[in-house]
Each structure stands twice: as C-alpha cells, then as structure tokens.
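Every read-out reported here was derived from the displayed coordinates using simple, explicitly stated rules and does not represent laboratory data. No experiment lies behind these values; they were computed from the predicted model shown. All Cβ positions, glycine included, derive from the backbone under ideal geometry; neighbour counts span all protein chains shown.
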Amino acid sequence: MRISLLTMTSDVWLPVEASEIEGLPATSEGGLTYRYWNGGDYPADPADCVFYAVPYMIDPEVCARPLPAMTSLRVVQTLTAGVDHVLSAVERLPPGVQLCNARGVHEASTAELALTLTLASLRGIPRFVEGQRVQEWRQGFNPALADKSVLIVGYGSIGSAIEDRLAGFECARVARVARSERTTERGLVHPLSELPRLLPEADVVILSTPLTTSTRGLVNADFLARMKDGALLVNVARGPVVDTKALLAELESGRLTAALDVTDPEPLPAGHPLWQAPGVLISPHVGGPTSAFLPRAKRLLSGQVNRCAAGEPLVNVVLTTS
C-alpha cells in the first residue's frame with residue numbers, strides 16, 4: 001500500500017515560486033500549502049514543513065538554519081549534486097527524514113565546464129586573452145586534448161557525463177576511478193586504491209568526486225607527486241578535495257598546471273597566492289549556475305513532490321536519518 005509522505009497540513013518550502021513550476025499537485029490535494037523561501041524571513045512556521053527544497057547558491061549556514069525547527073520534516077531536497085553543505089544538520093534530525101540530491105540537474109553544465117577548463121588550459125586561452133587585451137599576437141605551440149590520456153576521479157553521473165563529452169576529442173585513453181570497482185558499458189571503473197598506479201599514466205586528471213570524509217584532502221602532496229610531469233589537474237568537484245598548499249607547491253615549481261572551478265578556501269580571497277600562481281586557470285564555482293539549471297531543477301522538484309503526495313519512492317535518496 002502506498003502511504004503519502006505528506007499530511008493533511010503539509011507545508012512544502014520551495015526556493016522557486018510554485019506558480020512557476022509545472023505539474024505540482026494542486027493545493028486542494030492533501031491540504032498542500034506551497035511556501036516560497038530563498039533565505040530571508042521564514043514564510044511560515046518551520047514546524048509545519050514536511051518537504052524542504054534547499055535554496056540554491058545560498059550560504060550553507062542559512063540553508064541549514066530552519067532544519068532544527070522543522071519537526072514534521074520528511075524530505076530534504078537539495079538542488080546541488082553534493083549534499084555536504086547540509087549533511088551535518090540533516091544527520092541530527094529525527095529518524096526517517098530522507099535527504100535527496102539533484103542528480104540529473106547539473107550533469108550537462110558541469111561536464112561542459114570540465115571540458116571548457118581542460119581545453120582552455122591546454123590550448124593557452126588565458127594567454128591569448130591577455131594578448132588581446134594588450135594587442136599582442138601571441139603565436140606558438142600548445143598541447144591538444146587529442147592523443148592525451150585522461151583520468152576521471154569520481155565516476156558518478158557527472159563523471160559519466162564528462163566522458164560523454166570527451167568521446168569526440170580523440171583521447172588516447174580515458175580511465176575511470178570511483179569509490180568501488182564496477183563495470184560500465186564503457187569499461188572498468190577502478191577503485192580509489194588503484195590511483196597510485198593510474199596517476200603516472202594520465203596527462204589530464206579531472207576531479208568530479210563528491211566531498212566526503214574519504215575524499216577530503218584526497219589530492220594531497222603524495223597524489224600530486226604521482227602525477228606525470230606537465231600534467232593538468234581539473235577540479236569541478238569541491239575545493240577541499242584538494243590540498244591547496246600542496247597544489248601551490250607543484251604549480252610554483254612549474255611541474256603541473258591546474259584549472260579550478262572550486263577552491264579551498266572559497267570564495268578565494270583577494271591576495272591569496274593561488275590567484276597569481278603560474279599555470280592556473282580559475283573560474284568562480286560556476287559549473288551549475290547556467291541556463292540549463294532552472295528547467296531541470298523545476299522538473300526535479302515537481303517530480304519529487306508528486307512522488308511524496310502519491311506515496312511513491314523518491315529518487316536521488318542519499319540517506320535516510322536513523
């Protein structure tokens with residue numbers, strides 16, 4: 001028997017106006033009340049909230065602030081692929097709360113950026129932009145992605161989407177690493193324990209792993225030392241996956257280059273040595289916020305609220321509190 005997660009007095013907190021989301025259950029069905037909240041004053045008593053869609057690109061402390069008062073809560077839905085910004089607060093909630101991520105929302109745009117950063121760094125685009133600014137014609141040879149060996153560290157839906165987009169670039173090899181070994185249509189996904197063997201073979205290492213206790217600081221001095229001379233590190237995961245001090249040492253030596261959409265600390269403060277390090281290209285954590293985001297986010301929210309109302313299993317469940 002299907003049992004709705006929503007009750008007769010269910011508040012659904014959304015960071016998008018309900019009128020802008022097609023397909024939501026009518027408010028007359030099950031006593032639903034949609035509340036718009038994007039980080040300001042609470043729209044109603046948090047104790048009445050059953051479904052909480054976490055605001056996007058808002059300070060993590062603000063996102064987590066209403067959670068302790070949401071005593072009727074059944075679902076926390078992030079609009080991010082990672083859930084590290086709310087995980088500790090959710091884990092303190094009473095048993096039975098389901099935490100869901102935004103799998104399916106960010107794959108296309110994040111994979112696009114991973115390829116953009118890779119190509120821009122290899123082909124010397126920042127140098128050309130600087131040359132255009134001062135009207136200098138800066139010719140020369142640059143590395144191509146063609147014939148390169150690429151290692152994707154973190155082979156979930158985003159890592160798979162990155163490989164989708166690598167397919168047309170004539171790479172010599174694409175290797176995949178995830179938390180545990182498995183086989184996909186494209187071939188073997190190696191476990192993290194294989195990194196020491198795989199790193200020296202890669203010309204480009206792309207990080208797309210979630211931030212967890214096992215991946216925090218994964219890219220440390222030993223990891224970087226195993227990378228091939230002249231290799232490129234691309235990070236579209238989370239800043240703390242990389243030990244910034246260790247990366248700076250490699251960049252300043254000129255042995256490695258890097259293209260980073262995320263940093264630690266973040267936002268990167270003015271005056272931080274990473275800004276001026278040689279061989280680094282930095283974008284300000286923009287893998288997700290593109291024109292592709294909102295349509296996909298709305299579809300996810302509509303689908304999840306409908307599943308709740310119908311008593312159907314949710315998708316993208318990361319954990320259930322106990």
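Remarks
- For the stretch 107-282, the convex hull drawn through the C-alpha positions has a volume of 121 cubic angstrom per residue.
- Centroid-to-centroid separation of the stretch 295-314 and the stretch 183-247 [C-alpha atoms, Å]: 34 Å
- Degrees separating the helix 244-253 axis from the principal Cα axis of the chain, which is the longest one: 20 degrees
- Taking the chain and dividing mean pair separation by its residue count, relative contact order in percent (alpha carbons under 8 Å, at least six apart): 19 percent
- Across the stretch 107-282, C-alpha contacts under 8 Å between residues 6 or more apart give a mean separation that, scaled by the residue count, equals a relative contact order of 19 percent.
- Adding -39500 (n - 2.57) for every DSSP H run of four residues or longer, then dividing by how many residues the chain holds, sets the calculated 222 nm ellipticity at -7500 deg cm²/dmol.
- Protection proxy ranking, highest mean first, for peptides 203-211, 62-70, 134-142: 203-211, 62-70, 134-142, where packing is the per-residue count of other beta-carbon atoms within 10 Å, averaged.
- Counting every pair of alpha carbons in the stretch 53-204, the share spaced more than 22 Å apart comes to 58 percent.
- Rounded tilt (10° steps) of 157-166 against the dominant C-alpha axis of the chain: 40 degrees
- Taking max minus min of the alpha-carbon positions on each principal axis, the chain gives extents of 67, 46, 33 Å, largest first.
- Binning all Cα-Cα separations of the stretch 1-143 at 5 Å, short to long from zero, yields these whole-percent fractions: 2, 8, 15, 16, 14, 10, 7, 6, 6, 6, 5, 3, 2, 1, 0.
- Under-5 Å amide H pairs with Ile152, H placed in peptide plane, nonlocal only: Ala175, Arg176, Val177, Ile206
- Between the helical axis of 293-310 and the longest alpha-carbon principal axis of the chain there is an angle of about 40 degrees.
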